[in-house]
Every structure is written in structure tokens, then in C-alpha cells.
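Working notes, structure below.
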Amino acid sequence: MSSAFGQTNHKILSPDKRITVEAGLNKSTPFYFVEFNNERIIDTSYLGFEFKSTEPIKNNLQIKSANVTSFDETWQPVWGERKSIRNNYNQLEIVLQESDNQNRTVNLFFRIFNDGVAFRYDFPKQDNLNYVEITDELTQFKLAEDYTSWWIPADYDSYEYLYNNTKVSEIDLRKYNYPTSGDRNHPNPFAVNTPITMKSKSGIYLSIHEAQLYDYSDMALERKDGLILQSHLVPWKDGIKVKTQTPFKTPWRIILISQNAGGLIESATILNLNEPNKLTNTSYIEPMKYIGVWWEMHIGKSSWAYKQRKDSWSFRETNLHGANTNNVKKYIDFASAHGIRGVLVEGWNTGWEFWGADSEGYFDFVTPYPDFNINELVQYAKSKNVEIIGHHETGGQAANYEKHLDNAFKFYQSLGIKAVKTGYAGTIIPKGEHHHGQYMIRHYRKVLETAAKYNIMVNAHEPIEDTGERRTFPNMLSREGVRGMEWNAWSVGNSSEHTTIIPFTRGLSGPIDYTPGIFDLTFDKYKDKERVQSTIANQLALYVVLYSPIQMAADLIENYENNPAFEFIEKVPVDWDETKVLSGEIGDFIVTARKKDNSWYVGGITDENSRNIKLNFDFLASGEKYNAKIFRDSPNSDYLTNPTEIIIESKEINSDSIMELNLARAGGFAMIITPMN
């Protein structure tokens, strides 16, 4: 359906007609607003761009044409939270053209799903707009009220923060004592990273993010007067936000909408806004659980470096190099005995003694330390049906990594290694560029495409945010981009409510390599102040609550030996057929159920408050009997005084069963539900 030239406003509804978007021109300036169940949630918001060497595109516009189409398909991901995904939306395309003598054109695309709204700009090839330097994207999200929000600062280099919970009008970084140093840069005190999740007074949940981020800059959001959140792009070192040429498309700007908090998590809209799988070969892609030589360095049992230097981040008060052949064989043996497919090895390659020091080019990614026999270990692992997971720490030196990129991945492929964890801890080099700017977004894509060329999966740390590219490149398994478990080893740690927030915020963007599974929660043998603020039952539940197709059992392997709670980690899958959020409130608690084949796995966690959870099993097949194996807090469990006590028991249940579970402070439960027949 198309409209005549000059019409100023166009309305479009979601397939289920609960979401309404009106878009068009107000005094020649593009605008839109959004309603959900007849309630305005995004008020009149304006759109536009400013450029370095040409006039802005934000007014003097007219509608050349408008067209409405519909789309409905069901597709199957290579891996994921569900076996099949429906992609159903109505689309409005508005072609805008300037009314002055420049006649520049931009197309606006709005896609309305049953659980959200997405829009993007499409700049076609044109004589009066060729090479483009964007100095500001003027996309607005004018909020209909002062929503309660959960947010982290718009750091140009890191997403590793605890979340704040304030009204949107109260977003102000100056109230918090955030450090500013090498890889911590948050120059705008009113800007936040996305996803930012919000709740209205009437109980509507919404979250703003982006999808299909490619050859552009990461979008943060700046709080402006009048309850406006406006796009804030991370700049190049010269201040330009985006450098490109027509034709080009921006990433999708997304507003997820739900009547309950769990609905945000269950949404597949971000994936649906990405292009289908481009890889012709996916046979090497294998979701897996893994252990590794990693936590022992964080708590100080061993070091990444073969030789110690006190000015290096790898320095530890020990002479033990963790990535030695004998130590890694112990991890391989444990993995083989317990059905764990992967063993990550960090610190195996030369250069770690210079990590974080004032030095460049110290990693070549292929030369092992003298106490690490990589060929022997790969063959040993293969003989035990275990995969070695490689590691490429760059120290933020992206340019150096690119010089070695092909050789580094070719080396791993020659050994039969098919998964690599990458890392960018430190200030980005070239100096002045940022982790979240266009330079690095191009770099991250180059790494991903090179990995695919050599049939290798990627788990990225210190990454760019996830915007759904795993649909297009399913070798992009997971990423960090969150304040993860490691912070508990060498800082004040993560609050007990942290993991009850991130499923509803960071987790909306995609898989999280949080590295759960710590059983020695105080690790007193190595540290006397730091600790993990949870119970063991809570740690087990994280394997269900926090989704990743590559999940680490992060603790020292000796802490798992002869511990019956490890059975849950052994059995829990990482690739799912179905996912349901049974209940939850952001920052308080969450209960999630995931299905694989005929079995269900349920995980529930709470914040610093003990909590009674009433669990309804109506998601099970009617008329079937099931056995529920439950791993839960004991009546005496407490994350501070008694974090390791756990009760393991079995009960017969069916779809009519109701179970009450008592969660300790920072506690939880995990459950394996299998048909009795």
C-alpha cells in the first residue's frame, strides 16, 4: 500500500494491533511516536543528522512516497535459546526528499513487531551526498513519563559496571565516583550505554538498544531536558562520529516493549533485524561447556606470565606459571572425566610479562612459552574427546593484532583448534580510538570474518555490544561486555543483585560469557578480603538464568572434585529448544525455564533478600509425570555466613504441581525435570 506525494503523517500497527506507530513530518522535520495498548510510551520524537562539511538533514523535508508491507516467516538458528524463531512485522517505508535545491534523499524504515518497534535510516547513492562525515545523529526517544530505569554510564571503552536504578531524569554520572583512566572514558555525564531498560508507572517495560551494528559507531543515549534520550555516537579520535559514503544504512534503533519484565528476555526482535546466516559451513560450530586455566590467575594461585614483571598486569605474588603442560593436562583429564567439552588456556603464548606495561607489539599469538607444548596438548585433548579453546589477548593493540590475524587463526586451524577467546584489556592502540567507536567496530567484524574463514568460533571479551550479528555469523558464540565473575576476584566484587539485573539489561542484547560456577565462594587460601556474593545454589542457577552457548565452569577443578552439586553443571545443556521466563522483577529475582529435547531445566535467583518462590509447572506437558531433581539452598544457607550448604533432592511432579522454594539471601535453586516414562 503506497500513499500520494506530500502526505505528512502515516500510521502503522503491529500484527497483533497492540503497538501503534505514527511517523511523518511536523513543520518539515521527521518525527514519530509510539503507543502500546493505547497508552503513549514514546512521545513525539524528532529525527535528523548533522555533517562536517555539508548542511544537516533535519528539516526542509517533504514526503516523496510511503509504502506499507508485511512480512512473516519462521527460521531456524544454528544454535540459540529456541529451536525456531518467528519473524513477523509490518513495515512502513517513508522516502524523504529535501525541498531546497540540494534535493538530498533519505529513506526511513519502521518495522513494528508484536514486542517492539525498530527504525533505521537508509541513504541511497546520490550526487549531493557522497562521502559522509557524521558529526551528530539527532535520533530522539522522548519518553512519555519519567520512567524508572536501569542503566550504566556511556563509557566509550567498557560495559563493565554495576547497574544504577534511578528515574531517567536523575541520570547523572557526577553523582558516582567513576574512575577515568586508560580504558575508562565517559566524558558525557548525562549519557548511558544501551540497552537501557525502563518501567512505567502502569507496569509497562521497555528497553532501547540497536541491531545490526556494522561499519558505524556504537549508539549511547544522552539525557536531555524534557525527558528526551538522544543518540550519542562514540567518536573517532578526530571527533567525527561516523565516516562513510552513500549508499549506507544505519543500524536499527529498537524499542522493546512488554507487559512484563520477562517478555523483554523472550523477545527475538534483535535477531530478526539481522540478516540470515552467511556462512556456508557451520559444521564446526559447537556450543559447549568449558573449564580452564583462568580463575587461578585471577585469584593469584598462578600467573599468566612465564616470567614476572612488577609493572605488568599479569604480575602475581607467585612463581607458578598457570599455562604449563602438566597443569593443562590435569584440566583435560577432569574435563574428559566429567563430559566437559572444552578447556580454555590463557597465558600460553609469549608476551604476557609486558601485558599492561608501556610496550607495544609484544604478542605474536603463535609462539608458546617454553613450558607449554601446544602440539602435545592438542593431541592429548583430542585423545580424551576434549577441545582446546585458544586465546588471543591483544592488550587493546588492535593494529598489532590485525598484522598477525591471518597467521594466528591459520595456526589454530592447523592444530585443529576451533574456538578462540579474544581479549582487548587496555587502551586501544591506535591511540585515541575507542573500543566502541567505528574503528573498532570495523576491527571486530574483520576478526569475526577471519575466524569464519578458518572455521573458528569466537568468544569476545572487552567487545563491542551484541546487536544480533550471531544470526548472520553464527561462529560469533558469545561475548563478555558485562561486569562478570572476574571482578569478584580482585575488587569489592559484584553486588548480590547484579545477576538479577543483567538478564533484563545486558542480556537482552545477546549471550553473556559471565563465567559462573564458583564453588569456593570465599577462596580464603588465596585472598582474604574478596569473595563471591552468592550461595552455591545461586551459582548453579546462573547456567539457566544467564544464556550463553559457551558456558564456563569457572572454579578451580579441585573445588569440583567429589562435590555432588557439580552434577547440575555436568548435565545442564547450553543449546536450547525453548525458553520461558516464569517470573521476575528487575533487581529482585528471576526464574527461568529452558527445554532441551524432553527435559526442562529451571533456575531461580534472588538478590540480597531471602525470598519465597511459588513455582507453577504449567509449562510441562499435561498428563505426564516428571521427576524433578532439585538443587536448592538449605534453611541455614546464607551468602555471607553459610554460602556452600546445599540440599539435593528429588520429587515427582506434573503440570498441575505447585512447589514453594525458600531462597536464602543471594541464594537460588536449580532443577532438572525429566519425564518418568
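Structure notes:
- Across region 257-271, no residue has a backbone nitrogen under 12 Å from the label position 7 Å along the beta-carbon direction of Lys201.
- One chain, two ends: Asp597 and Asn319. Fully extended at 0.36 nm per residue, the span grows by 95.4 nm beyond their Cα-Cα distance.
- Amide H to amide H distances under 5 Å link His232 with Ala220, Leu221, Glu222, where only residues 5 or more positions off or on other chains count and H is placed in the peptide plane.
- FRET efficiency estimate (nearest 0.05) - Cβ-Cβ, Asn67 to Ser181, R0 51 angstrom: 0.50
- Where labels lie 7 Å past Cα in the beta-carbon direction, separation of Asn188 and Asp238 in nm: 2.1 nm
- ³J(HN,Hα) computed for each position of region 345-362 - Karplus, 6.51 cos²θ - 1.76 cosθ + 1.60, integer Hz, glycine/proline x: 10, 9, x, 7, 9, 5, x, 5, 5, 9, 4, x, 7, 7, 8, 10, x, 7
- When you count the other C-beta atoms within 10 angstrom of each residue and take the mean per peptide, 60-68, 383-391 line up highest first as 383-391, 60-68.
- Straight-line cross-link reach from Lys418 at under 20 Å between alpha-carbon atoms covers these lysines, not counting any fewer than eight positions away in the same chain: Lys278, Lys289, Lys329, Lys382, Lys384, Lys410, Lys446, Lys453.
- Built amide H within the under 5 Å cut-off of Val242, gap 5+: Ile134
- Simple Cβ-charge dipole of region 302-456, Lys/Arg +1 and Asp/Glu -1, about Cα centre, in debye nearest 20: 420 debye
- Cα-centred dipole magnitude for the chain, charges only on beta-carbon of K, R (+1) and D, E (-1), debye, nearest 20: 820 debye
- Shape category assigned to region 288-481 from the gyration tensor of Cα positions, a/c cut at 1.5: oblate
- Distance from the C-alpha centroid of region 149-203 to that of region 329-364: 33 Å, rounded to the whole angstrom.
- Placing unit charges on the Cβ atoms only, positive for Lys and Arg and negative for Asp and Glu, gives region 2-272 a dipole magnitude near 320 debye about its Cα centre.
- Nitroxide proxy distance, nm - points 7 Å out along Cα→Cβ at Lys453 and Asn407: 1.5 nm
- For the chain, the residue among Asn612, Leu96, Asn164 whose Cα projects farthest onto the positive side of the dipole built from Cβ charges is Leu96.
- Selection from Pro189, Pro251, Trp576 lying farthest towards where the dipole of the chain points positive, charges on Cβ: Pro251
- Backbone HN-Hα couplings from phi across region 519-524 [Karplus 6.51/-1.76/1.60, Hz, Gly and Pro as x]: 9, 8, 6, 10, 5, 4
- Entry for mean projected area of the Cα convex hull in nm² (calculated from the structure that is shown) out of (1) 36.7; (2) 32.3; (3) 29.2: (3)
- In this structure, Glu222 and Asp127 have a Cβ-Cβ separation that, at R0 = 45 Å, corresponds to a calculated FRET efficiency of about 0.85.
- Once the Cβ-Cβ distance of Ser655 and Ala337 is raised to the sixth power relative to R0 = 30 Å, the FRET efficiency obtained is 0.25.
- Mean residue ellipticity (222 nm) of the chain, computed from DSSP H runs ≥ 4 via -39,500 (n - 2.57), nearest 500: -4000 deg cm²/dmol
- J(HN,Hα) series, region 257-269, from Karplus relation 6.51 cos²θ - 1.76 cosθ + 1.60, nearest Hz, glycine and proline x: 9, 8, 7, 9, 5, x, x, 4, 5, 6, 5, 10, 4
- For Ser655, distant residues with modelled amide H under 5 Å away: Gly623, Glu624
- Label-zone membership for region 109-128, site Asn88, 7 angstrom Cα→C-beta point, backbone N under 19 Å: 111-118
Bear in mind these aren't lab numbers, they're just calculated from the coordinates by the rules spelled out. Note that the structure is predicted; figures quoted are calculated from it, not measured. With ideal geometry, Cβ positions are generated from the backbone for all residues, glycine too; neighbour counts draw on all protein chains shown.
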